[in-house]
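Let me begin by presenting the structure, written as structure tokens, before commenting on it.
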Amino acid sequence: MSLLNFSIFHPVLMLSAFIGTADGFYEYMMLECVYSTSDYSDMVFLVTMSFNKVVDAQYNSTLGKFVGFNEHAEKSAERWNKNQAFMQGLKADVDTVCRHYAKIFDSAVRDKTVLPKVKLSSVKKAEGNHPAVLMCSAYEFYPEKIKVSWLRDGKLMTSEVTSTMEMADGDWYYQIHSQLEYTPTSGEKISCVVEHASSTQPIVKDWNPSMPESERNKITIGSSGLVLGIIIAAAGLIYYKKKSSGRILVPN
Ligand SMILES: *[C@@H]1O[C@H](CO)[C@@H](O)[C@H](O)[C@H]1NC(C)=O
């Protein structure tokens, strides 16, 4: 019996338990490939069989056999362990299934990195005794591990920094937000520094206290519109002048 035949049989039982009444029976088998080294030398293939949340039997490729955890499962385990073709197939699965897919998943997911989009914005302007609050947000990065810090004229700021945990967007990407409460002084340079596996260099965003980027964008769009308007108006005026000067008014 191949593992495939074996596993097709079990999910069918599970499915029938789901379709049936809420208090039906739930039998399931879990296949796991467990490893922590990048050369896959410590790969372990586990097949765990459970019935109604109770683990009955488990195959562990390091042990090279099934172990039953109750009287019935012990008998089954003994029977499976005697089936040499089946046991050899499971042993081969460490390579053909576990190492094979681990390589694919690692190159597609584990070793993938996506650069964060970093945005620096003002939450609160300084007013009287109240400090200013800046927010540095990093969006859509992968993997989860990231470091966000603040610099004042190149020196690390530690006090008054609050940061959220890395938040999962639910689509493999993450975001994080860090707030800095500080009293601005003129001529200083405040920067947000983001360190992430996707970039060999830290990503640095300098704060421009004169105007946030969104405001600058609005002004750029507004003045472009104004210039365009003036050009069209001027063209219209020239056209009108040309037309009217070509016409001779004849008094009668
Ligand atoms: C698999 O078996 C090995 C050897 O007995 C053991 O060290 C390891 O912890 C087992 N793995 C699991 C998840 O039970």
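Would you mind stating whether His72 is surrounded by fewer than 16 Cβ atoms within 10 Å (Cβ to Cβ) and under 38 Å from the mean Cα position of the chain (by Cα)?
In short, no.
Which of the strands (runs of 3 or more DSSP E) contained wholly in segment 153-217 include at least 1 residues that are closer than 18 Å to Thr113 by Cβ?
Passing ranges, in order: 174-182, 190-196, 203-206.
Among the listed residues Val109, Val97, identify the single one that is assigned to a helix (DSSP H, G or I) and surrounded by 14 or more Cβ atoms within 10 Å (Cβ to Cβ).
Step by step, each of Val109, Val97 is checked, and only Val97 is assigned to a helix (DSSP H, G or I) and surrounded by 14 or more Cβ atoms within 10 Å (Cβ to Cβ).
Grab the strands (runs of 3 or more DSSP E) fully contained in segment 34-83, keeping just those with 2 or more residues being hydroxyl-bearing (Ser, Thr, Tyr), in the same structural domain as Asp95 (by TED's automatic domain parsing) and within 15 Å of the ligand (Cβ to nearest atom).
So the answer is 44-51.
Restricting attention to segment 86-121, which residues are in contact (Cβ under 8 Å) with a residue 12 or more places away in the chain and of a type in the set (Gly, Ala, Ser)?
Listed by number, the residues that qualify are Gly89, Ala102, Ser121.
For Gln179, indicate whether it is in the same structural domain as Val148 (by TED's automatic domain parsing) and loosely packed, with under 11 Cβ neighbours inside 10 Å.
Spelling it out, it is not the case that Gln179 is in the same structural domain as Val148 (by TED's automatic domain parsing) and loosely packed, with under 11 Cβ neighbours inside 10 Å.
Look at Val133 and say whether it is more than 14 Å from the chain's Cα centre (by Cα) and at pLDDT 95 or above.
no
Only one residue in Thr37, Thr62 is polar (S, T, N, Q), free of Cβ contacts under 8 Å to residues at least 60 places away in the same chain and in contact with a strand residue (DSSP E or B) (Cβ under 6 Å, 6 or more places away or on another chain). Which one?
Thr62
The values are calculated or read from the model by the stated rules, or taken from the named source; none is laboratory data. In this text the structure is predicted, and so the values were computed from the model without any measurement. Every residue, glycine among them, receives a Cβ derived from its backbone with ideal geometry; neighbour counts consider all protein chains shown.
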